[in-house]
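All remarks here apply to the structure that follows.
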Amino acid sequence: MIEPVTTIKKGLNIDAIRSQFPILNREVKGKPLVYFDNAATSQKPQCVIDALVNYYTHYNANVHRGIHTLAEEATLAMEKSRDAAQEFINSESREQVIFTKGTTEGINLVAETWGRQNIGAGDEIIVSNIEHHSNIVPWQILIEEKGATLKVIPVNEKGELVIDEYRKLLNPRTRLVAVNHASNALGTINPVKEIIDAAHKAGALVLIDGAQSTVHLDIDVQGMDCDFFAFSSHKMYGPTGVGVLYGKKELLEAMPPFQGGGEMIKEVTFEKTTYNDLPYKYEAGTPNIADIIAFKAAIDFVNGIGKRNIKQYEDELLQYGTGQLKEIPGVRIVGEAKEKVSVISFIVDKLHPQDLGILLDNYGIAVRTGHHCAQPLMDCYRIPGTVRASFAVYNTKEEIDELVVGLKKAIKMLS
């Protein structure tokens, strides 16, 4: 287990934290792995891996439908994950925690159910210029079907939303505002409470994409007063293929089902089907049981370190990394918002991000290159993409130094 942190002043035992991640011991192309692609997916601690193995080894069974011991044990373990997720985001009730495949499916669920039920011709949906494609495309599909309109909150040169312009977009035709809590491409933390309050005054609902914020920031969906909140396990040290959609209860109860099948029903006849209660109404079929169970281990891992401790340490990495990269001639940081999660996107004069990424990989350094599923944002900056280094609690300043050395070598080779 990681060593407990009693006060923030004592700091974190990063060596103890790193020891929980087996993959950090491997080499890539003969070099020690430096993993800076955490905004895409974070690595998994041994406790998460053990939870997966333990399920398949000792109580592999389907959930909710069996009365034998293994089924009851699996059901209990899965529902403990729901309770942990409820507490993690401060949901009013566990019934509002719907398990999905991830943030993308959560957003699509809202678009396909609430959206198709409530959006009509002439209605408007607002997104921002720094959205991931998963918070753009589902709404485009919906508005094309319904004859509605998509409005876009502009972004300034620093990567911050222009809130005054957002307020001008709100009007009686606005039905939904869908924005991210933190940008995957730039790291910008958006003022979601201000965005939500303004939308509600205009009579609109708000969906928050929490994919990039949930591991870094304290999440309180009640205090935020969002109508929907979606996030993924795999970006917060948990397994892939698991996510959560939170929704206000009255909205979830009024929405139609997302998929039909087992578990989401109470009674089926050829004449009529009655649907199950929340949250099972939206969880048709056999769920991703093993990964949902292991998700709790990831939540416990984050809680064991403490969000406040994680944020403070990652802020140190962010400040250090930003300062070091700015010292390299030709490097330009893209997105310098005042409030950021631990993401640095940058470009190098006259060099393509993909070429830099390939050379850095030769030094064992994993970064993300490209448009980061945010093509409209890259078009706004008139660049093909960026190199993105994103930090987690197991990263170190020494690894950032390795990035700097590798980047200088790559620039020299390509220049």
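The values are calculated or read from the model by the stated rules, or taken from the named source; none is laboratory data. None of these values were measured; they are calculated from a predicted model. Using ideal geometry, Cβ is built from the backbone for each residue, glycine included, and neighbour counts are taken over all protein chains shown.
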List every residue pair whose Cβ atoms lie under 6 Å apart, where the two residues are 6 or more positions apart in sequence or sit on different chains, the first residue falls within the range 1-25 and is more than 23 Å from ILE365 (Cβ to Cβ), and the second residue, located anywhere, is part of a loop (DSSP other than H, G, I, E, B) and at pLDDT below 50. ASN13/GLU3; ALA16/ILE2; ALA16/GLU3
Going by the structure shown, is VAL152 among the hydrophobic types (A, V, I, L, M, F, W, C), in a strand (DSSP E or B) and crowded, with 19+ Cβ neighbours inside 10 Å? no
Any chance you could count how many residues in the range 373-397 are in contact with a strand residue (DSSP E or B) (Cβ under 6 Å, 6 or more places away or on another chain) and of a type outside the set (A, V, I, L, M)? 4
Only residues that are β-branched (Val, Ile, Thr) and buried (at least 18 other Cβ atoms within 10 Å of the Cβ): list them for the range 22-40, please. VAL34
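If I filter the range 287-296 for residues that are farther than 23 Å from GLN46 by Cβ, in a loop (DSSP other than H, G, I, E, B), in the same structural domain as TYR55 (by TED's automatic domain parsing) and not hydrophobic (A, V, I, L, M, F, W, C), do I get at least one hit? Can you show your working first?
Taking the range 287-296 as the starting set, the residues that turn out to be farther than 23 Å from GLN46 by Cβ are 287.
Filter once more, keeping what is in a loop (DSSP other than H, G, I, E, B): 287.
Subset that is in the same structural domain as TYR55 (by TED's automatic domain parsing): 287.
Remaining after also requiring not hydrophobic (A, V, I, L, M, F, W, C): 287.
Yes, that holds for at least one residue.
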(1) in a loop (DSSP other than H, G, I, E, B); (2) within 22 Å of PRO239 (Cα to Cα); (3) of a type in the set (A, V, I, L, M); (4) more than 22 Å from the chain's Cα centre (by Cα): which one isn't true of LEU76, the others all being true? (1)
Scope the range 310-355; condition more than 15 Å from SER213 (Cα to Cα), in contact (Cβ under 8 Å) with a residue 12 or more places away in the chain and polar (S, T, N, Q); matching residues: THR322, GLN324, SER345, GLN354
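Is there a residue being of a type in the set (D, E, K, R) and at positive phi anywhere in the range 373-389? Explain how you work it out, then say what you get.
Applying the first criterion (of a type in the set (D, E, K, R)) to the range 373-389 yields 379, 382, 388.
Then keep just the ones that are at positive phi; that gives 382.
Within the range 373-389, one or more residues are of a type in the set (D, E, K, R) and at positive phi.
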Evaluate the range 397-410: report whether one residue or more is at pLDDT below 95, farther than 30 Å from ILE136 by Cα and surrounded by 19 or more Cβ atoms within 10 Å (Cβ to Cβ). yes
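Taking the options THR240, THR214, THR269, THR273, name whichever one is in contact with a strand residue (DSSP E or B) (Cβ under 6 Å, 6 or more places away or on another chain), surrounded by fewer than 20 Cβ atoms within 10 Å (Cβ to Cβ) and not small (Gly, Ala, Ser). It would help to see each step written out before you state the result.
Values: THR240 fails: in contact with a strand residue (DSSP E or B) (Cβ under 6 Å, 6 or more places away or on another chain); THR214 fails: surrounded by fewer than 20 Cβ atoms within 10 Å (Cβ to Cβ); THR269 fails: in contact with a strand residue (DSSP E or B) (Cβ under 6 Å, 6 or more places away or on another chain).
Just a single option satisfies the conditions, and that option is THR273.
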Restricting attention to the range 39-98, which residues are more than 26 Å from LEU217 (Cα to Cα), β-branched (Val, Ile, Thr) and in contact (Cβ under 8 Å) with a residue 12 or more places away in the chain? VAL63, THR75
Could you grab the pairs with beta carbons closer than 6 Å, sequence gap of 6+ or different chains, first residue in the range 112-124 and among the aromatic types (Phe, Trp, Tyr), second one buried (at least 19 other Cβ atoms within 10 Å of the Cβ)? TRP114/MET255
THR369: passes all of (1) surrounded by 15 or more Cβ atoms within 10 Å (Cβ to Cβ); (2) over 25 Å from ASP315 (Cα atoms) but (2)
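Given the condition buried (at least 23 other Cβ atoms within 10 Å of the Cβ) and of a type in the set (S, T, N, Q), answer yes or no: does some residue in the range 175-182 qualify?
Yes, the range 175-182 contains a residue that is buried (at least 23 other Cβ atoms within 10 Å of the Cβ) and of a type in the set (S, T, N, Q).
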Here's a check for you: in the range 26-38, which residue that is in a loop (DSSP other than H, G, I, E, B) and in contact (Cβ under 8 Å) with a residue 24 or more places away in the chain is farthest from the chain's Cα centre (by Cα)? GLY30
Report, by residue number, each residue of the range 79-103 that is within 19 Å of the chain's Cα centre (by Cα) and either in a loop (DSSP other than H, G, I, E, B) or not assigned by TED's automatic domain parsing to the domain that holds SER213 (or both). ASN90, SER91, LYS101, GLY102
